[in-house]
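**Student:** Here's a structure for you.
Bear in mind that the values in this text are calculations on the coordinates, not laboratory data. Just so we're clear, the structure is a prediction, and the values are computed from it rather than from any experiment. A quick note on method: Cβ atoms are made from the backbone with ideal geometry, for glycine too, and the neighbour counts reach across all protein chains shown.
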Amino acid sequence: MLREDELAAGDRGLVEVARAGSEAEAELIQGLLSARGVPSVALRRPRVDAPGFLIAGPRDILVPSVRASDAHDALLKSEPGSCLPATHASDPTRRVLAGLLVAVAVVALIACLGADLFG
């Protein structure tokens, strides 16, 4: 995240390096930039504000103009899924857990339908 003292030493101009569809996406992009040492700030897009939905709505990701090329490099070099934990779908424990969850969901569905029909 961008701090005032980081701007004091260099150019105060900010440039847009990315756009995010929501606050969560903006935080993800900022995390990628921060991991590469690039400070950033996310601002709501002008004229797209939705006061009832505080986390909804697009955001602009801005960095100091002197770090724009670093930011572009950081975003281009980030691999899809690089911020996700390394897990394997073939893990037997995960398969058993997924099977149990599906079974519980089916039983709950049958119970709800039975209650509607016979209740």
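**Student:** If R₀ is 35 angstrom, what is the calculated FRET efficiency for the pair VAL96 and ARG19, using the beta carbon separation as r and rounding to 0.05?
**Tutor:** 0.30
**Student:** How do the peptides 97-106, 29-38, 60-69 rank, highest first, by the average count of neighbouring beta carbon atoms within 10 Å per residue?
**Tutor:** Averaged packing, sorted descending, gives the order 60-69, 29-38, 97-106.
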